[in-house]
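Student: Structure below; questions to follow.
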Amino acid sequence: MDVTARQFEDLIGAYALDACEPDEVAALDAYVDEHPEIAAEVERLREAAAALGAAGAVRPPVGLRDRMLHVAGERVSAVSARDALQAETERFDALLGTLADGDLDAATHNGLSVRDLVSHVEAIDRAFVGEADRTRYQLIGAAEVAQITAETLPEHAGESFAETVTRFRRTRAYLVGLADRVAPEKRLAGYTRDDTLVIRAFETWTHHDDIREALGREETLPAPAVIRAMTELSIRSLPLAMAVRGTAHSHRIARLVLTGAGGGEWTFACAPGEAAGGAPDVVIRVSVVDWCRRVADRIEPDAMPIEVDGDAELAHDVVRAANAFAGL
């Protein structure tokens, strides 16, 4: 088996404890050989495991795991909306620079070719840029995204990929610059200025991953501080998402513990406009990367490993609603 960076991160604990299957061990050994910079981390974990084993079993205090996850997440602060978009723009642009002619017709997750997916990103960027000059906004939701894409792609069907990339870069630069030209309270297609920039960063990551997956390339992730910015936006949107999906639960509270770099712990009301006071009715633990992919509609709930303490039905409704605002 071949191991990706994300799979190695998921398995490194078991690997250090010699708790992997033989085929996993062989693949992980090969991965460490190819990435000598992580060998020291593996050795450190093995030494820690040996020390803990020598000390004997100790029952951890109640709540220690959640507190540790909370502290680990809090060590990463979200970057600004502009910086999040700029960082994902640079990662996306770098990926585009590696594409060969034979890559451009590969089909991506939403059925668009790589070539058309880049054109789609530019088209939606342009729609948001156009909203900056309006005094009354036109909502751009999932249905509008599909319509804009369907109307725009035929207009550029004959252009070269180099022209598509140039068009993307020009429009994206203008979009990033809205952070300087538009007041924070300005609504762009129904969203605040900063939420708009984070939304576009989130979609850029999603489509970066779509292209990477379509071409069978190794996974790469945004910086933890960028993931944190996207995650915070997704969780602020959850009560409304649950209402949109018809699964809001009035006077119920949920806690989401997202593990991994950029994660953290959030407690929120399960219906719009309500306070998140009191003990949670459910605690949901999931990888922050899996959570973001669920929000982007790139992973189904049943395929997402989660741990649930408390009301399982409420947890189901939270996870099901997470992708309520996802577009193509």
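The values are calculated or read from the model by the stated rules, or taken from the named source; none is laboratory data. What you see is a predicted model, and the numbers here were worked out from it, not measured in a lab. No Cβ is skipped: glycine too gets one built from the backbone with ideal geometry, and neighbour counts run over all protein chains shown. Just the protein is used for accessible areas: all its heavy atoms, side chains included, with ligands, DNA and RNA removed. Shrake-Rupley method; radii C 1.70, N 1.55, O 1.52, S 1.80 Å.
Student: Could you do me a favour and compute the accessible area per residue for region 147-209, 1.4 Å probe, result in Å²?
Tutor: That works out to 44 Å² for each residue.
Student: Carbon-plus-sulfur fraction of the accessible area of region 66-211, 1.4 Å probe, in percent?
Tutor: Roughly 51 percent, rounded to a whole number.
Student: Starting from the 7 Å offset along Cα-to-Cβ, what nm value, one decimal, do you get for the label separation of Glu144 and Glu90?
Tutor: Label-label distance for Glu144 and Glu90, simple model: 3.1 nm.
Student: Using the C-alpha atoms of region 81-205, what convex hull volume per residue, in cubic angstrom, is computed? Intermediate values should be presented prior to the final figure.
Tutor: Working: hull volume 12.3 nm³, N = 125.
It is 99 Å³ per residue.
Student: Roughly how many percent of the accessible protein surface of region 223-328 is carbon and sulfur, given a 1.4 Å probe and a whole-percent answer?
Tutor: 53
Student: What nm value, rounded to one decimal, do you get for the distance between Arg245 and Ala100 when each label is placed 7 Å out toward the C-beta?
Tutor: Spacing of the two 7 Å Cα→Cβ label points: 4.1 nm.
Student: I would also like to ask the following. Can you tell me the length gained on complete extension of the stretch Val25 to His316, counting 0.36 nm per residue apart and subtracting the Cα distance?
Tutor: Between Val25 and His316, full extension yields 101.4 nm more.
Student: Can you give the direction-averaged projected area of the convex hull of the alpha-carbon atoms in the chain, in nm²?
Tutor: Numbers: hull surface 76.2 nm².
Its Cα hull, projected and averaged over all orientations, spans 19.1 nm².
Student: Also: Work through the residues other than Ala100 whose Cβ is under 13 Å from its Cβ and net out their charges, Lys, Arg +1 and Asp, Glu -1.
Tutor: The answer is -1.
Student: Given the -39500 (n - 2.57) contribution per DSSP H run of 4+ residues, what per-residue ellipticity at 222 nm results for the chain, rounded to the nearest 500 deg cm²/dmol?
Tutor: After summing the helix terms and dividing by the residues of the chain, the value is -17000 deg cm²/dmol.
Student: Using the Cα centre of the chain as the reference point, and only Cβ charges (+1 on K/R, -1 on D/E), how large is the resulting charge dipole? Debye, rounded to the nearest 20.
Tutor: Dipole size: approximately 1540 debye.
Student: Can you compute the FRET efficiency between Arg236 and His35 using 1/(1 + (r/R0)^6), with r the Cβ-Cβ distance and R0 = 45 Å? Round to the nearest 0.05.
Tutor: 0.80
Student: Tell me, what is the per residue accessible area of region 240-328 in Å², probe radius 1.4 Å?
Tutor: Details: 3620 Å² over 89 residues.
Solvent-accessible surface per residue comes out at 41 Å².
Student: Based on the Cα coordinates of region 166-322, what is the per residue volume of their convex hull in Å³?
Tutor: Cα convex hull per residue, to the nearest whole number: 133 Å³.
Student: What does region 81-143 give for Rg and for Dmax, in Å, if only its C-alpha atoms count?
Tutor: My reading of the Cα-based Rg and Dmax gives 14.3, 44 Å.
Student: To continue, here is another question. Have a look at Leu258, Ala150, Tyr174 and report the one farthest towards the positive end of the charge dipole of the chain, computed about the Cα centre with Cβ charges (Lys/Arg +1, Asp/Glu -1).
Tutor: Of the listed residues, the answer is Tyr174.
Student: Treating only the Cβ of Lys, Arg, Asp and Glu as charged (+1, +1, -1, -1), what charge dipole size does region 122-190 show about its Cα centre? Round to the nearest 20 debye.
Tutor: Dipole about the Cα centre, nearest 20: 260 debye.
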